[in-house]
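Asker: The structure that follows is given in the form of structure tokens.
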Amino acid sequence: MPGFELFSDLERKEVHDVLDNGVLMRYGFDGMRNGHWKAKELENELENQLQVKHAQLVSSGTAAVSVALASAGIGSGDEVIMPTFTFVASFEAIMMLGAIPVLVDIDDTLTLDPEKVKEAITSKTKAIMPVHMCGSMADLDALKIICNAHNLILIEDSSQATGATYKNKPLGSIGDLGCLSLDFVKIITAGEGGAVLTNNDKFYKHADHYSDHGHDHVGNDRGAETHPFLGYNFRISELHAAVGLAQLRRLNEFVQIQKKNYTILREALSQIPEVTFRRVPEGGVESYSFLNFFLPDLEIARKVSSAFKDNGVDACWNYYDNSWHYIREWHHLKNIKSLYPISEEVKKGLEYLQTKTFDQSDHYISRNISSLIKMSWTEKEVRERASKMVDVINSLLL
Ligand SMILES: Cc1ncc(COP(=O)(O)O)c(C=O)c1O
């Protein structure tokens, strides 16, 4: 990760196909296209590779989460359970629909703790949204049992773990709905883009219409199409889809490159008894986009993080002090800093964030370091990096 490291003639060819006929929009203009339907092709390829009945492309991963929630009928005043360790897109997408994000602790998988999920369920809960962070996954069997018992929708966000599997099924294909991002830094990129995945015909139809102003997409006269319900514009362009198509065809190759680099680093760090690794749920196979490991405490993790930077070991993050991925620094959410009025119901629903502590999440995130796995490294570079990482950690553990 990220896929842009390995752009080649394959991506260029797909983009040229689009530019040669000039149709940058995914719908209509049938006569001008010379048979090129890149978004449609990418959707078919996603369905094949991710073993899901329907894929609906959208303009971003954030849009994918919003469209997935809307497609399942989640909106005003509904509660959606999400993890404390994720990307801001999770609560943005929930709040865009007037729903309430209920943040729940993670465990040693770095994803939702099923026991804490059970405690957070109320009569308003409509969905559980695990986020498969940093290349690995939530315990989906445990979450499915909870969803079945409480009649809740399971929405997977596999944006950071495309290519990983759970019990031989690709992530994103297991819940009622799956979401993925194709933004610039993901394992396969379209520049910008996302996808909603589902085996549910009704949810798919909703996603298809909702992401294009509510158009029903019947016939081939866009002006004559009806709008069964309100929608917005979350369309992907043909240019973005073209890049995504070439990248998706290389997903397995990318995962194998990452696995090789990940394995070298992991074997090296395994020699240090104080280093432990995140738990991958039984039956899970990672996408190897990150190597996540725990150090004994926050103080050592901070020192290691800073010493890595000083020694040229880049792309390693301790998210405790970082505002990207962890609740601790999301002051704009805690204080509801919005440009426009937020409903009293949502404000009230978010009051818990003023006082709630997430000690269990702190315990894991404070000690964790996530090391991005690049695909462009040579084997020599990975081995040098591994030995530098081992030396730095050992020197600070003394
Ligand atoms: C877990 C997760 N979900 C959603 C998103 C949002 O994706 P996008 O940047 O395509 O909107 C991201 C982006 O980093 C992410 O990491």
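Asker: Does LEU353 satisfy the condition of being in a helix (DSSP H, G or I) and either touching a residue at least 12 places away in the same chain (Cβ under 8 Å) or basic (Lys, Arg) (or both)?
Answerer: Criteria met by LEU353.
Asker: What residue, of GLY191, GLY178, is touching a residue at least 40 places away in the same chain (Cβ under 8 Å), on the phi > 0 side of the Ramachandran plot and within 16 Å of the ligand (Cβ to nearest atom)?
Answerer: Within the list GLY191, GLY178, the selection yields GLY191.
Asker: Still on this structure, I have one more. How about the stretch 246-281: which of its residues are part of a loop (DSSP other than H, G, I, E, B) and more than 21 Å from the chain's Cα centre (by Cα)?
Answerer: Once the filter is applied, which keeps residues that are part of a loop (DSSP other than H, G, I, E, B) and more than 21 Å from the chain's Cα centre (by Cα), the stretch 246-281 yields SER270, GLN271, ILE272, PRO273, GLU274, VAL275.
Asker: Give the residue, chosen from ASP310, ASP362, that is in contact (Cβ under 8 Å) with a residue 12 or more places away in the chain and surrounded by fewer than 19 Cβ atoms within 10 Å (Cβ to Cβ).
Answerer: ASP362
Asker: Let me ask something else. Please specify each residue of the stretch 217-245 satisfying the condition of being over 15 Å from GLY28 (Cα atoms), open to solvent by less than 30 Å² (accessible area, probe 1.4 Å) and not in a loop (DSSP other than H, G, I, E, B).
Answerer: Correct list: ALA241, ALA242, VAL243, GLY244, LEU245.
Asker: Go over the candidates ILE393, ILE336 one by one and state the one that is open to solvent by less than 50 Å² (accessible area, probe 1.4 Å) and either on the phi > 0 side of the Ramachandran plot or modelled with pLDDT under 95 (or both).
Answerer: Testing whether each residue is open to solvent by less than 50 Å² (accessible area, probe 1.4 Å) and either on the phi > 0 side of the Ramachandran plot or modelled with pLDDT under 95 (or both) leaves just ILE336.
Asker: Which ones in the stretch 1-16 are crowded, with 18+ Cβ neighbours inside 10 Å and either charged (D, E, K, R) or not in a helix (DSSP H, G or I) (or both)?
Answerer: Answer for the stretch 1-16, where residues must be crowded, with 18+ Cβ neighbours inside 10 Å and either charged (D, E, K, R) or not in a helix (DSSP H, G or I) (or both): MET1, PRO2, GLU11, GLU14.
The values are calculated or read from the model by the stated rules, or taken from the named source; none is laboratory data. Remember, predicted model here, so these are calculated numbers, not experimental data. In this analysis, Cβ positions are derived from the backbone assuming ideal geometry, glycine residues included, and neighbour counts consider all displayed protein chains. Keep in mind that these areas ignore ligands, DNA and RNA; they rest on the heavy atoms of the full protein, side chains included. Shrake-Rupley method; radii C 1.70, N 1.55, O 1.52, S 1.80 Å.
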